[in-house]
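Asker: Can you keep this structure in mind? I'll have questions shortly.
Nothing in this text is a laboratory measurement; each read-out follows from the coordinates by a stated rule. Because the structure is predicted, anything quoted here is derived from the model rather than measured. Neighbour counts run over all protein chains shown; Cβ positions are idealised from the backbone, glycine included.
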Amino acid sequence: MTDISETPAVPPTDPGGDERLGLQIAGLLLMVLGFGVGTLANLAAHMLAGPGGSSVGPWTVHTALGPFAWALLLLGFFTGLIGIAFLVLARDAPKGPVVLPGYPY
């Protein structure tokens, strides 16, 4: 007879995986979203708007940066910096084996 309260619902995973891979993926994703979308795409949309503005879906983009554009610009900049910090952490972290959870090695 097995006592259900003492058996885990999910088998324990091996803690020996490589955390650098996750930090690198997260860092690159934050850099692309932060610097690419939040900063560069925001500035490009405002530079290409023209004197009368241009419509992007239900929104109208003008050449001047409004409060939302400034907030998105700052958020994108800081998100990109966090992505760079993740890449630095991944570079300085000790190397571990890249394994799937539960993979016997």
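Asker: Condition test on Leu73, is it in contact (Cβ under 8 Å) with a residue 40 or more places away in the chain, in contact with a helix residue (DSSP H, G or I) (Cβ under 8 Å, 6 or more places away or on another chain) and part of a helix (DSSP H, G or I)?
Answerer: So Leu73 fails the test.
Asker: Another one. Consider the range 44-59. How many of its residues are out of contact with any strand residue (DSSP E or B) (no Cβ under 7 Å at 6 or more places or on another chain) and either surrounded by 15 or more Cβ atoms within 10 Å (Cβ to Cβ) or not aliphatic (A, V, I, L, M) (or both)?
Answerer: Residues that pass the stated criteria total 7.
Asker: Check Ala85, Ala49, Ala41 and return the single one that is touching a residue at least 12 places away in the same chain (Cβ under 8 Å), out of contact with any helix residue (DSSP H, G or I) (no Cβ under 6 Å at 6 or more places or on another chain) and more than 30 Å from Glu19 (Cα to Cα).
Answerer: Ala49
Asker: Evaluate the following for Leu43: is it in contact with a Ser or Thr (Cβ under 7 Å, 6 or more places away or on another chain) and in a helix (DSSP H, G or I)?
Answerer: Answer is no for this residue.
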